[in-house]
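Shown next, in structure tokens, is the structure this report addresses.
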Amino acid sequence: MTYNIAMVCDFFFPQPGGVESHIYQLSTKLIDRGHKVIVITHAYEGRTGVRYLTNGLKVYHVPFFVLYRETTFPTVFSFFPIFRNIIIRESVEIVHGHASLSSFCHEAILHARTMGLRTVFTDHSLFGFADAASILTNKLLKFTLSDVDHVICVSHTCKENTVLRASLDPLMVSVIPNAVVAENFRPLAHQEHVTSPVDGRPLHHSLRPHDTITIVVISRLFYNKGTDLLIAAIPRICAAHPYVRFIIAGSGPKAIDVEQMLERNVLQDRVDMLGPVRHEEVRDVMVRGHIYLHPSLTEAFGTVIVEAASCGLYVVCTRVGGIPEVLPPHMTTFAKPEEDDLVAATSKAIAALRQGRLETGRFHEQVRTMYSWTDVAERTERVYDGISGVLSEEEFYGSSTGEGWSAARGRAGVQSFALIDRLKRYYGCGIWAGKLFCLCVVIDYLIFVFLELWAPRDRIDAVRDWPRKPPLRESSSATNAAIGLGRKRSARYRDQGWEG
Amino acid sequence: MPPPPSALRITRPTPTTISFTVSTRAPLETISARVLHYLSLALRVVIASAILFLLWTKWELLYPSVEGGGVPKWLVSSWPGKIATLMAKGVMTRYLVPLAGGVLWLCARRGYTEESLLVLRGLGIQTTSSSSTYLSTNSTRFIPTTSIQDIFIHEAFKMFEVRFYLAIVVEGEQDVVVVFPSLLPSLTILEEVWRGARSCLYEPKT
């Protein structure tokens, strides 16, 4: 069974970032598995219209008003006509939205349900519950996720957070972590290994007391990335360890604070600020260091620490969000998100590195076996199978589910499209919000009916598909064994799907 | 709005010349369609001249010209002249002039859009778009073969939808030249035109 999938998100290339590369990598791997994938995002400067990326990935850069940090203005309905046009001309079956701050994604999920399509939402970030902005975002998330077929989170912490924020049934939330392209994050090869000038021994193993240890920090310099923590910790680390250097890459509003800190403490010769680096240059920066420091205050997954570990760096990071789930304990040292503990943890890591107790040389191989996008695509495909009813309910959700645990749930765990069922789901969102959301849904439905008359389906040209790749057989994938019996049956369904 | 229903007409007078015409008007093939077309044209001429005559009469009423000028006597005394005089007297200028202008504009309007692409091997390509009224001329553009870099079909956003378009890349120009810019016909038509234009423009490889 192959699907036509539309990935909808405000954030996509050319803007760099974790969500962006997640969408790209996942789409590419899904295309490799024989699906058709399009990406719908808003227009960036110098990047408008319809574009093709490598592998036949088609990107629609919809011209739209950008509000703040590349997020479009939430207008609820204005995106519908163009969205419907794209969905019909590409004959999309599944709409997959990404990132909870993207209003495009929320609107798309609402409209897709109105049009009778399956929807999946992937959450990439954690949110609080206390401040005004979070409450508003959470309410909006609850609105969208009241009627979604399935939710994917990038870590278990993220899942817990999302379930609480959007009052979801935990069974309809899956955890599929991000991955890295390990080939792009190799440590320095043996011949280009940095060797000490004295005896030619590789520097990575057993550093002597006066060898310089380089600590790398690559992050956008925003408050939530823990830049303030970094600013407080750097002078103390530098004071305690004379043979330590820092490399800081990335830009953002806090960059000026970092520079002021450097000037105040006269650390310009020990801290390199590289400014913004492109994603493909990240590896070259990383391999210059020994330790990767990640002081983030909130993080759903933290792809960058996997990339760092893949480059053979020891990782020092704050114990926040989904970070503890990401890497095995021998690759990381955790700190509480506070100044003293971060300094202590970094010192511990420096000491361990000097004593040669860390086997950083084998990190790359280990990360490569742990994380792969092919695996992510396979698991996402299983979610698609589940929501389309290809997998039975007990197979998809596990046999422990009692019967009729959700009133609005129809056959085989599939959400029903009937307007009255949808309204029931939205009505439970709150005393006032529930009614408001119902109103929105009804208006959306009326707009849909109007659009069907104003721009009839049969007058919209269908596009020619990029030549599809033959669907992969399950048996050919090595990771299959780990997933177990349920997987096999899905494979059988799939075979029937495209042979008969 | 989705593409308007339009028909493609291909004429190929010589093996090295091909013309594609996309039109929202049904082709004038049957005799009755032809007769209707010419009748409507004649009607437009009659109505337009009547309106002009009415305006002339009104002018004469407002600013009577000296003896010998103005509307000829025989015309004033004929029955259309009498009706015109009655109407000119009865209707105030501020209503008559905009009304007459509107009717004249309706008479001059073409009512359909026709766009065409003419391909001449060894010479170039000429695109034509019909003007909206009968009074103004069609806009045409000729692109010599030497400056044509490519012809392709792509998609773009237009209003609330994504539409296909056929475009010509011209050497030394920032923007591509869109063929059939106001009609933007459906993909099936565009593909036929694209194939035809390429096969005619470039010598077949032997």
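For region A:143-164, enumerate the residues that are over 18 Å from the mean Cα position of the chain (by Cα) and crowded, with 20+ Cβ neighbours inside 10 Å.
A:143, A:144, A:146, A:147, A:148, A:149
As an exercise: evaluate residue A:429 against (1) surrounded by 13 or more Cβ atoms within 10 Å (Cβ to Cβ); (2) at pLDDT below 85; (3) outside any loop (DSSP other than H, G, I, E, B) and give the number of the one condition it does not meet.
With respect to (1) surrounded by 13 or more Cβ atoms within 10 Å (Cβ to Cβ); (2) at pLDDT below 85; (3) outside any loop (DSSP other than H, G, I, E, B), residue A:429 is out only on (3).
Scan region B:89-96 and give yes if some residue there is of a type in the set (A, V, I, L, M), surrounded by fewer than 17 Cβ atoms within 10 Å (Cβ to Cβ), assigned to a loop (DSSP other than H, G, I, E, B) and away from chain A (no Cβ under 14 Å), otherwise no.
yes
Give me a count of the residues in region A:23-43 that are farther than 16 Å from residue B:156 by Cβ and open to solvent by 10 Å² or more (accessible area, probe 1.4 Å).
Here the count works out to 8.
Go through region A:239-250 and give me each residue that's in contact (Cβ under 8 Å) with a residue 12 or more places away in the chain and either out of contact with any Leu (no Cβ under 6 Å at 6 or more places or on another chain) or not assigned by TED's automatic domain parsing to the domain that holds residue A:350 (or both).
A:240, A:241, A:243, A:244, A:245, A:246, A:247, A:248
Would you mention how many residues in region A:86-110 are within 13 Å of another protein chain (Cβ to nearest Cβ), assigned to a helix (DSSP H, G or I) and open to solvent by less than 10 Å² (accessible area, probe 1.4 Å)?
Summing the residues that are within 13 Å of another protein chain (Cβ to nearest Cβ), assigned to a helix (DSSP H, G or I) and open to solvent by less than 10 Å² (accessible area, probe 1.4 Å) in region A:86-110 gives 3.
Would region B:32-45 turn up any residue that is of a type in the set (D, E, K, R) and open to solvent by less than 50 Å² (accessible area, probe 1.4 Å)?
no
Would you check if there is a residue in region A:23-33 being more than 14 Å from chain B (Cβ to nearest Cβ), touching a Lys or Arg at 6+ places or on another chain (Cβ under 7 Å) and farther than 29 Å from residue A:417 by Cα?
Yes.
Being over 20 Å from residue A:278 (Cβ atoms), among the aliphatic types (A, V, I, L, M) and assigned to a loop (DSSP other than H, G, I, E, B) is the filter here; which residues of region A:214-266 pass it?
A:266
Please tell me if residue A:60 is within 14 Å of chain B (Cβ to nearest Cβ), open to solvent by 20 Å² or more (accessible area, probe 1.4 Å) and not polar (S, T, N, Q).
So residue A:60 does not fit the description; no.
Could you run through region A:70-85 and say how many residues are open to solvent by 10 Å² or more (accessible area, probe 1.4 Å) and either more than 14 Å from chain B (Cβ to nearest Cβ) or part of a strand (DSSP E or B) (or both)?
Selection size over region A:70-85: 5.
If we keep just the residues of region A:443-474 that are hydrophobic (A, V, I, L, M, F, W, C) and surrounded by 15 or more Cβ atoms within 10 Å (Cβ to Cβ), which is farthest from residue A:37 (Cα to Cα)?
Among residues in region A:443-474 that are hydrophobic (A, V, I, L, M, F, W, C) and surrounded by 15 or more Cβ atoms within 10 Å (Cβ to Cβ), the one farthest from residue A:37 (Cα to Cα) is A:447.
Based on what the data block shows, is residue B:125 within 14 Å of chain A (Cβ to nearest Cβ), in contact (Cβ under 8 Å) with a residue 40 or more places away in the chain and surrounded by 14 or more Cβ atoms within 10 Å (Cβ to Cβ)?
Against the criterion (within 14 Å of chain A (Cβ to nearest Cβ), in contact (Cβ under 8 Å) with a residue 40 or more places away in the chain and surrounded by 14 or more Cβ atoms within 10 Å (Cβ to Cβ)), residue B:125 does not qualify.
Out of (1) surrounded by 13 or more Cβ atoms within 10 Å (Cβ to Cβ); (2) closer than 21 Å to residue B:43 by Cα; (3) not charged (D, E, K, R), the odd one out for residue B:79 is which?
(1)
When you scan region B:151-187, how many residues do you find that are under 12 Å from residue B:3 (Cα atoms) and of a type in the set (Val, Ile, Thr)?
1
Would you mind finding the one in A:54, A:122, A:114, A:41 that is of a type in the set (Ser, Thr, Tyr) and within 14 Å of chain B (Cβ to nearest Cβ)?
Result of the check over A:54, A:122, A:114, A:41: A:41.
Among the residues of region B:3-23 satisfying the criterion of being buried (at least 18 other Cβ atoms within 10 Å of the Cβ), in a strand (DSSP E or B) and of a type in the set (Gly, Ala, Ser), which is farthest from the other protein chains (Cβ to nearest Cβ)?
Looking at residues that are buried (at least 18 other Cβ atoms within 10 Å of the Cβ), in a strand (DSSP E or B) and of a type in the set (Gly, Ala, Ser), I get B:19.
State all residues of region A:275-291 that are more than 14 Å from residue A:304 (Cα to Cα) and in contact (Cβ under 8 Å) with a residue 40 or more places away in the chain; if no residue qualifies, say none.
Result: A:288, A:289, A:290.
Residue A:127: buried (at least 20 other Cβ atoms within 10 Å of the Cβ), over 17 Å from residue A:7 (Cβ atoms) and either out of contact with any helix residue (DSSP H, G or I) (no Cβ under 7 Å at 6 or more places or on another chain) or within 14 Å of chain B (Cβ to nearest Cβ) (or both), yes or no?
no
Mind checking which pairs have a first residue in region B:133-155 that is under 30 Å from residue B:101 (Cα atoms) and a second that is basic (Lys, Arg), Cβ under 7 Å, 6 or more apart or different chains?
B:133/B:109; B:133/B:110; B:134/B:110
Note down all Cβ pairs under 7 Å where the first residue falls in region A:458-475 and is at the interface with another protein chain (Cβ under 9 Å from one of its Cβ atoms), the second is modelled with pLDDT of 85 or more and surrounded by fewer than 12 Cβ atoms within 10 Å (Cβ to Cβ), and they're at least six residues apart or on different chains.
Pairs that qualify, where the first residue is at the interface with another protein chain (Cβ under 9 Å from one of its Cβ atoms) and the partner is modelled with pLDDT of 85 or more and surrounded by fewer than 12 Cβ atoms within 10 Å (Cβ to Cβ), are A:462/A:91.
Name the one entry in A:320, A:343 that is crowded, with 16+ Cβ neighbours inside 10 Å, among the aliphatic types (A, V, I, L, M) and assigned to a loop (DSSP other than H, G, I, E, B).
A:320
The values are calculated or read from the model by the stated rules, or taken from the named source; none is laboratory data. Source: prediction; values computed, not measured. Cβ sites come from the backbone with ideal geometry, for glycine too, and all protein chains shown count toward neighbours. Remember, those area values only see protein heavy atoms, side chains included, never the ligands or the DNA or RNA. Shrake-Rupley method; radii C 1.70, N 1.55, O 1.52, S 1.80 Å.
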